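> Before I ask anything, here is the structure I am working with.
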Amino acid sequence: PTLSDSEGKCSKFFCGWSQSNKEIQGFGLISSTLGILMVQGVLIVNSLLQFSQKATQEKCGSDAEKASCKIYGSNPDTIIANASTITLILVALFMPMVGAILDYTPHRRLTGVISSGFIIIILGAQAFVNEQNWFFMCILESILSFFFFTLTMIIHAYLPEIALDVGEENMVRLSSATQVIFLGPAGLFIVIIGGVSVCLDLDAISTGRLSQLMSS
């Protein structure tokens with residue numbers, strides 16, 4: 001099936017969305033997923049901060065003791081920042097390898113499937129975050145963020161081939177539609193989570209758990 005009409009313009013809001021071009025359909029679906037993942041990341045990190053602060057109060061006590069207090073060998077105020085550092089280290093070490101797999105092997109789709117699988121598993125596990133396992137969940141968030149970057153790289157690896165299929169003019173339209181598909185579900189996710197949180201009077205921790213369940 002053709003991607004354009006007789007005038008060379010997209011016949012649908014999202015080029016090929018209702019047609020048989022699997023690359024464009026996958027690009028749109030993953031783009032919508034990435035927006036939701038960004039929102040849930042903010043919510044779960046907020047939950048982890050709550051657990052970190054509670055653990056600091058229980059172990060360190062007064063402000064004078066907090067300066068020398070360590071939780072899991074780290075300053076309590078830097079645990080979340082350290083998790084982000086772990087993500088960046090993983091990206092620096094392994095993303096060149098992932099890029100080589102995407103560009104020079106036929107395993108691009110398989111890499112995306114594996115990354116998505118790990119993301120779903122981690123999201124499901126983080127729905128059960130509590131006072132006993134929050135630090136482990138913090139480590140899982142670092143790993144999830146790595147797979148988020150991997151998934152982002154994968155969809156961008158398809159862009160040159162998609163551009164050749166749809167042409168320059170249609171690619172501009174496609175790029176514009178992608179922003180709507182990326183931000184639209186994320187905005188809807190925020191509205192739903194916010195509405196449920198207000199109606200049920202959920203705290204930050206319960207809201208984080210809910211976001212993990214819904215996004216998984």
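The values are calculated or read from the model by the stated rules, or taken from the named source; none is laboratory data. Here the structure is a predicted model, which means the values were calculated and not measured. Cβ placement follows ideal geometry from the backbone for every residue including glycine, while neighbour counts extend to all protein chains displayed. Note: areas computed on protein heavy atoms with side chains; ligands, DNA, RNA excluded. Shrake-Rupley method; radii C 1.70, N 1.55, O 1.52, S 1.80 Å.
> In the Gaussian network model of the chain, springs joining C-alpha atoms below 10 Å, which of Gly73, Gly117, Gly26 carries the largest mean-square fluctuation?
Between Gly73, Gly117, Gly26, it is Gly73 that shows the largest mean-square fluctuation.
> Now for a separate question. Roll a 1.4 Å probe over the protein heavy atoms and report the accessible area of Thr207 in Å², nearest 10.
Thr207 exposes around 20 Å² with every protein chain in place.
> Here is a follow-up. What aspartates and glutamates could a cross-link reach from Lys70, if we take a straight Cα to Cα line under 19 Å and drop same-chain neighbours fewer than 8 places away?
Filter leaves Glu58, Glu131.
> Sort Leu174, Leu200 by heavy-atom solvent-accessible area, probe 1.4 angstrom, most to least. Display every interim value, and only then the final one.
Numbers: Leu174 0, Leu200 115 Å².
Putting Leu174, Leu200 in descending order of accessible area: Leu200, Leu174.
> Under a 1.4 Å probe, what is the accessible area of segment 46-178 per residue, stated in Å²? Provide the component values of the computation, followed by the final result.
Numbers: 7390 Å² over 133 residues.
With the other protein chains kept in place, segment 46-178 gives 56 Å² per residue.
> Moving on to the next point. Given the options Ser74, Ser145, Ser31, state which has the largest fluctuation in a GNM of the chain using a 10 Å cut-off (strictly under) for Cα springs.
Of Ser74, Ser145, Ser31, the Gaussian network model singles out Ser74 as fluctuating most.
> Separate question: Summarise the accessible area of the chain (1.4 Å probe, protein heavy atoms) by the percent that is carbon and sulfur.
Details: 7780 of 11830 Å².
C and S fraction of accessible area: 66 percent.
> Another question, then. In debye, nearest 20: dipole of the chain around its Cα centre with unit charges on the Cβ of K, R (+) and D, E (-)?
On the way: 11 positive and 16 negative charges, 57 e Å.
That gives the chain a dipole magnitude of about 280 debye.
> Could you work out which residue, out of Ser175, Ser206, Ser84, moves most in a Gaussian network model of the chain, that is, has the largest mean-square fluctuation with Cα springs under 10 Å?
Sorting by GNM fluctuation, first place goes to Ser175.
> Full-extension gain between Leu202 and His107, please, as 0.36 nm times their residue separation minus the C-alpha to C-alpha distance.
Once the chain is fully extended between Leu202 and His107, it gains 29.9 nm.
> Helix 22-60 sits at what angle to the longest principal axis of the chain, using alpha carbons and giving 0 to 90 degrees rounded to 10?
In the chain, helix 22-60 runs at an angle near 10 degrees to the longest axis.
> Ignoring everything but the protein chains, give the 1.4 Å probe accessible area of Met171 in square angstrom, nearest 10.
30 Å²
> With viscosity set to 0.692 mPa s at 37 °C, what whole-number translational diffusion coefficient in µm²/s follows for segment 120-216 from Stokes-Einstein and a Kirkwood radius over Cα pairs?
Numbers: Rh = 15.9 Å.
The Stokes-Einstein estimate is 206 µm²/s.
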